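The values are calculated or read from the model by the stated rules, or taken from the named source; none is laboratory data. This one's a predicted model, so the numbers in the text were calculated from it and none came from an experiment. Here Cβ is always computed from backbone atoms with ideal geometry, including for glycine, and neighbour counts include all displayed protein chains.
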Amino acid sequence: MATLKSLFFSIYAALNNVYSGWILWNLFLAFLPLLMSVVLFRRQTLTKWKLFGACFGLGFIGIVGTQLRTPWVIDLVLNKVDRAIATNPAMLLNALWFGAIIVFTLTLNFWLFRKEKTLKSGLWWIGFVCFICFLPNAPYVLTDIIHLIRGTSSGLIPTWVVALVFIPLHVTAIAVAFEAYVLSILNLNDYLRERAGKLWILPTELTIHLLSAIGIYLGRFLRFNSWDVVVDPTSVVASTLNTLTSKRPLAVIGVTFLILAVLYWVMKQITLGLRLRFYLAKQGIDIFDLPNKLQTISAAESASETHLE
């Protein structure tokens with residue numbers, strides 16, 4: 001029993017020292033655009049209980065992840081505010097901007113959204129912008145490999161913990177978060193296929209990969225968050241323009257774009273294959289019998305056309 005307790009204590013200590021809630025917090029940020037994509041693009045598939053369950057699960061992950069990171073977040077925010085007040089007079093402008101956003105939102109609620117049609121259209125576009133802003137958080141988890149490197153290079157964590165806990169945990173978190181990215185885009189693809197046609201799908205996918213690559217760079221290297229678009233838009237715009245006019249950031253963004261495009265294509269094929277297999281299973285069709293069934297259907301259609309002639 002003592003040995004078992006020591007094993008669990010070693011795992012807990014290692015996770016607490018290395019991760020401190022980062023995995024749950026980043027998974028929360030990855031699942032958030034996935035939920036948005038379902039609400040925005042596949043609303044007809046949602047039931048009240050499905051939406052409640054999804055929101056409850058997402059909220060639970062977010063609360064646990066935030067709770068583990070709360071002391072770090074508080075210290076960071078307080079330090080940033082102190083430095084900003086001491087060295088940056090523009091802090092007042094940012095506060096005024098944030099207040100203007102709140103006033104603008106309240107104005108929309110009480111005036112612009114009085115009509116039901118305007119309400120749905122306006123809220124949809126606001127939700128779509130939020131979806132685009134938060135979507136890079138899903139593939140951003142790919143860069144969290146630094147936590148694994150940090151955990152394995154410290155020398156303080158037993159090798160068996162790294163091999164049996166850290167690596168499987170990290171690989172699972174990356175796979176789940178990136179799958180959320182894939183599913184989010186596939187939901188958007190379904191919406192585009194119904195509303196605009198298939199020709200818009202590939203350009204939209206490439207555009208999203210590019211925007212996500214830029215977002216990952218801004219988040220990993222410049223330490224911006226999705227909500228900084230609202231809280232501190234001037235810094236985001238200035239940093240983005242500076243990034244897009246510098247060679248090294250462009251190279252990093254280009255490599256990230258290629259990685260996202262390739263991984264997305266691979267995961268997309270796997271996801272669509274699994275979706276097809278589940279659909280056929282519900283219909284009672286074995287996927288290995290599908291070619292024969294399609295051939296039979298084709299032969300029957302040809303015979304029917306010949307008979308009509």
Are there any pairs with C-beta distances below 6 angstrom linking a residue in segment 47-60 that is over 13 Å from Leu34 (Cβ atoms) and free of Cβ contacts under 8 Å to residues at least 40 places away in the same chain to a residue that is of a type outside the set (Asp, Glu) and loosely packed, with under 11 Cβ neighbours inside 10 Å, with the two at least 6 apart or on different chains, and if so which?
-> none
Considering Thr243, Thr207, Thr234, which residue is under 24 Å from Leu35 (Cα atoms) and either of a type in the set (S, T, N, Q) or touching a strand residue (DSSP E or B) at 6+ places or on another chain (Cβ under 7 Å) (or both)?
-> Thr207
Members of segment 22-55 that are in a helix (DSSP H, G or I), under 26 Å from Ser121 (Cα atoms) and modelled with pLDDT under 85 | Arg43, Gln44, Thr45, Lys48, Trp49, Lys50, Leu51, Phe52, Gly53, Ala54, Cys55
For Ser239, indicate whether it is within 16 Å of the chain's Cα centre (by Cα) and surrounded by 17 or more Cβ atoms within 10 Å (Cβ to Cβ).
-> no
Determine whether segment 158-166 contains at least one residue that is closer than 28 Å to Leu34 by Cα, surrounded by fewer than 17 Cβ atoms within 10 Å (Cβ to Cβ), touching a helix residue (DSSP H, G or I) at 6+ places or on another chain (Cβ under 7 Å) and at pLDDT 75 or above.
-> no
In this structure, does Leu244 turn out to be over 19 Å from the mean Cα position of the chain (by Cα) and at pLDDT below 75?
-> yes
Assess whether Ile297 counts as being at pLDDT below 80, assigned to a loop (DSSP other than H, G, I, E, B) and of a type in the set (Val, Ile, Thr).
-> no
Name every residue in segment 214-258 that is assigned to a helix (DSSP H, G or I) and among the aromatic types (Phe, Trp, Tyr), in order of residue number.
-> Tyr217, Phe257
